[in-house]
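To start, the structure itself, in structure tokens.
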Amino acid sequence: MLAADALRIGQAIEFKVGDETHLAMILGRVSEGEDLDGATHRIEVLSGKERREERVSLDQQFGLMTGGMVGAVPTKYRFKGFYLPPLPEHQEHHYTDRRFLCFFILALGMCCRIGVYAFRNGHIGNLHHAVDYQGRMCGVDVPGKRMALWCWRKDSDLINLRHPICVEHCPDSNETTHECWDHPSQGLVTRQDYPTRAFLHSPYCWPKDERLLEQIREARGNRVPCPGKLLIGMPRASFWVIPIAAGISSLVGYTYFRLLEKFVDRVVYIFINFVTYLFLVVGCYHLLLYWKSDGGSRHLITGCVLIAVSLSAFSFVFSETAQSSINRAAGCIEAACECITEEVSLLFEPLVAMLLRMAILVAFLVIFVLLVTCGAPRIVEGRKRHGWGYSAQEQFYIAYMVVMFFWLMEFTTSLSQYVLAWATQRWYFTPYVDDTKIDRPHKAVCKGYFNALRWHLGTLAYGSLLIGVLRIPRIVLKGIKVVVNLAAGRKNGSQVCGCLGQGLEHINKNAYIGVALTTESFRQAAVSADLMLNDNKDVRSIAWLNGMQGIFQLGGLILITAAAGFGTFVWVSLSNVSGPDIAVRDALIWIGIIVAFPIGLSYMTLFDTVGDTILYCWAVQERRYNYHKEHLRKRGGNRIRGMLSTVMSSFSADERGEELSKVKYAPPALRELLLGRQPRLANVSPGDLFW
């Protein structure tokens with residue numbers, strides 16, 4: 001509960017009088033000369049047929065309210081966030097969530113301590129080494145013998161993959177012999193060699209015989225080695241996968257965004273039709289498999305379900321409701337693209353976010369690899385350690401670094417979202433003059449980073465931790481809510497699930513938009529954003545518009561990561577960096593995908609956050625407009641008209657379309673969207689898509 005002194009002008013509280021729930025907005029504190037019966041605040045009751053102003057007393061310790069329509073009996077009130085948020089230039093930023101900032105600094109200090117331990121006890125020089133049957137590293141524990149050789153099995157034409165030995169050179173003929181471990185006799189025996197060859201980046205001797213080579217491939221493909229042993233056996237040139245995957249994902253992400261900017265209508269049309277036809281084609285393919293195999297009910301059921309989904313999607317896409325939804329989604333994307341195009345510094349923010357993520361990834365990767373090598377099988381204090389082993393302290397360190405890695409990656413995402421929201425709000429609330437926003441803030445992204453790191457570092461750390469921890473519970477609760485709504489009806493389902501999701505639904509990235517505008521703490525800003533976006537009758541289309549944006553974000557993220565994975569596969573195949581080792585090849589491809597994921601996330605964060613922030617600013621503008629218009633209608637007078645001049649230009653018409661046409665903050669695409677844009681995609685034919 002907020003303290004009474006912390007309540008600011010424009011914030012709302014909720015309380016009950018009898019069985020009725022009322023919403024009120026704080027108008028200000030009662031001055032000493034106006035103090036009547038211990039009143040501390042002036043509020044305006046927003047619920048009911050008529051709004052009225054009252055003086056009440058708000059208890060800062062227990063969250064109790066007395067006086068006014070409540071009477072002398074103390075009543076609990078609940079903070080509901082900003083009902084009438086201030087404009088960016090009307091609010092000075094200050095420190096938020098200071099206590100959690102201290103906790104965040106301590107957590108980072110622990111990471112530094114673990115890093116020191118890893119550098120002191122890890123063995124970075126032990127990478128790129130094979131391990132023999134005794135758990136010794138070739139070239140380290142067995143000096144001078146850096147290659148590993150698989151010996152023949154006893155009385156067999158196959159090789160023993162479980163007990164390799166360390167050799168100085170790979171044999172190129174069957175005229176030489178080596179001492180090999182014989183498992184049945186539990187001793188060393190002499191085995192004849194076979195022709196092998198050494199690859200530049202591999203620590204193993206690979207047989208020239210295709211039959212033996214296929215045996216190794218099949219074994220390593222079906223049995224993935226443990227991560228530590230796989231890291232030790234990675235080729236030296238495999239580290240090139242990081243810049244290659246980063247470059248491919250950055251190029252594809254930028255191209256995807258430019259396509260959305262230039263051909264948004266066609267991209268929407270192609271995307272929706274592609275998904276619809278994909279279900280149909282895959283369904284027909286499963287039916288073909290069923291027909292060719294003369295059985296297999298699994299293919300028949302899968303094909304029928306996919307075809308049914310495709311036909312349902314066709315009927316929905318060509319409906320009037322779907323066409324309206326598609327056009328509104330296109331309008332939302334256009335508005336976001338207009339902001340990004342005009343505010344050029346926003347295009348560089350994903351690059352900054354990518355560099356931050358890459359710095360965190362590289363630092364944690366080095367520390368993690370060093371921690372992994374602390375438990376490598378080797379000679380320790382004169383004793384042989386045949387298997388991988390870690391102390392309880394090392395296990396805690398590894399687990400802690402994994403948690404901190406995901407937290408810091410979430411933190412960089414939160415930081416990026418805040419900076420984008422801050423810059424977008426400054427752009428939005430710069431008025432249009434002759435259809436051009438003049439006096440836009442310069443270097444908005446740099447100023448946004450400075451503002452975030454100076455005032456809201458604790459809020460970003462706290463919010464990123466909450467969002468990361470509660471992401472899966474929120475998804476589960478949303479799924480439960482959908483099921484209950486379908487089973488019990490929308491109204492009854494909302495009542496059943498209301499208690500489950502209470503306090504969790506508003507914990508999302510929209511809170512940073514509120515922090516950027518109102519400089520509240522994370523939880524207060526989350527409540528304010530939820531009140532503005534979900535409980536706002538002035539703007540009714542925001543929720544499902546965000547859902548349509550999410551489809552394009554998911555598609556872009558999949559496209560970027562898939563392109564990076566395919567590019568990594570092509571590079572590995574052309575350079576032959578993994579040799580014939582399938583496990584190493586697959587590991588390099590997964591590393592490329594992992595590297596591309598945060599980069600793709602940066603581009604999708606740009607698109608998502610800018611669109612959400614513009615819609616949030618529109619909601620703020622609409623509410624301020626309607627609030628002041630209502631006061632002007634009731635009271636009249638030049639004083640209220642003067643207040644309106646800070647929100648928008650003067651107005652005189654009563655019709656909604658004429659009123660909104662006077663708005664000079666919102667982008668034209670967004671005004672067109674919420675005023676009812678003419679459907680355009682319905683007139684786009686497949687032949688027009690490439691002209």
**Q.** Residue pairs meeting the criteria (Cβ under 6 Å; at least 6 apart or on separate chains; first touching a residue at least 12 places away in the same chain (Cβ under 8 Å) and closer than 26 Å to residue 88 by Cα, in segment 451-473; second open to solvent by 50 Å² or more (accessible area, probe 1.4 Å) and not hydrophobic (A, V, I, L, M, F, W, C))
**A.** 455/95; 458/98
Q: Scan segment 52-70 and report the pairs whose first residue is more than 10 Å from residue 24 (Cβ to Cβ) and small (Gly, Ala, Ser) and whose second residue is part of a strand (DSSP E or B) and open to solvent by less than 50 Å² (accessible area, probe 1.4 Å), with Cβ atoms within less than 8 Å and a gap of 6+ or a chain change.
A: 57/41; 57/65; 57/66; 63/77; 67/54; 67/56; 67/57
Q: Would you check if residue 170 is within 26 Å of residue 588 (Cα to Cα), surrounded by 17 or more Cβ atoms within 10 Å (Cβ to Cβ) and touching a Ser or Thr at 6+ places or on another chain (Cβ under 8 Å)?
A: yes
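In this structure, is residue 113 of a type in the set (D, E, K, R) and under 43 Å from the mean Cα position of the chain (by Cα)?
Working: of a type in the set (D, E, K, R): yes; under 43 Å from the mean Cα position of the chain (by Cα): yes.
So residue 113 fits the description; yes.
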Q.
Looking at the structure I just gave you, is residue 593 touching a Lys or Arg at 6+ places or on another chain (Cβ under 8 Å) and assigned to a helix (DSSP H, G or I)?
A. no
Q: Look through segment 465-507, keep the residues that are under 19 Å from residue 409 (Cβ atoms) and surrounded by fewer than 12 Cβ atoms within 10 Å (Cβ to Cβ), and return whichever of them is modelled with the highest pLDDT.
A: 472
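Could you please let me know if residue 129 is touching a helix residue (DSSP H, G or I) at 6+ places or on another chain (Cβ under 8 Å), of a type outside the set (A, V, I, L, M) and exposed (fewer than 12 other Cβ atoms within 10 Å of the Cβ)? Show your work before the answer.
Numbers: touching a helix residue (DSSP H, G or I) at 6+ places or on another chain (Cβ under 8 Å): yes; of a type outside the set (A, V, I, L, M): yes; exposed (fewer than 12 other Cβ atoms within 10 Å of the Cβ): no.
For residue 129, the condition - touching a helix residue (DSSP H, G or I) at 6+ places or on another chain (Cβ under 8 Å), of a type outside the set (A, V, I, L, M) and exposed (fewer than 12 other Cβ atoms within 10 Å of the Cβ) - is not met.
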Q) Which of the following residues is open to solvent by 30 Å² or more (accessible area, probe 1.4 Å), part of a helix (DSSP H, G or I) and under 30 Å from residue 569 (Cα atoms): 305, 282? A) 282
Q | Flag if residue 370 is among the aliphatic types (A, V, I, L, M), within 22 Å of the chain's Cα centre (by Cα), open to solvent by less than 60 Å² (accessible area, probe 1.4 Å) and at pLDDT 85 or above | A | no
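Out of all the residues in segment 87-103, which are in a loop (DSSP other than H, G, I, E, B) and within 18 Å of residue 666 (Cβ to Cβ)?
Narrowing segment 87-103 to residues in a loop (DSSP other than H, G, I, E, B): 87, 91-97.
Answer for segment 87-103, where residues must be in a loop (DSSP other than H, G, I, E, B) and within 18 Å of residue 666 (Cβ to Cβ): just 87.
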Q) Between residues in segment 113-126 that are modelled with pLDDT of 90 or more and residues that are open to solvent by 60 Å² or more (accessible area, probe 1.4 Å) and not in a helix (DSSP H, G or I), which pairs lie under 8 Å by C-beta distance while being six or more apart or on different chains? A) none
Q. Would you pick out the residues in segment 250-274 that are within 18 Å of residue 604 (Cβ to Cβ) and open to solvent by less than 50 Å² (accessible area, probe 1.4 Å)?
A. 250, 252, 253, 256, 257, 260, 261, 264, 267, 268
Q: Hey, can you tell me all the residues within segment 59-85 that are aliphatic (A, V, I, L, M) and at positive phi?
A: none
Q) Out of all the residues in segment 541-576, which are open to solvent by 30 Å² or more (accessible area, probe 1.4 Å), hydrophobic (A, V, I, L, M, F, W, C), modelled with pLDDT under 85 and more than 17 Å from the chain's Cα centre (by Cα)? A) 543, 544
Q.
So residue 136 ticks every box in (1) within 44 Å of the chain's Cα centre (by Cα); (2) open to solvent by less than 10 Å² (accessible area, probe 1.4 Å); (3) farther than 23 Å from residue 237 by Cβ but one. Which box is left unticked?
A. (2)
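The values are calculated or read from the model by the stated rules, or taken from the named source; none is laboratory data. This is a predicted model, so every value here is computed, not measured. Neighbour counts run over all protein chains shown; Cβ positions are idealised from the backbone, glycine included. When the accessible area is computed, the model is the full protein with side chains, heavy atoms only, and any ligands, DNA or RNA have been set aside. Shrake-Rupley method; radii C 1.70, N 1.55, O 1.52, S 1.80 Å.
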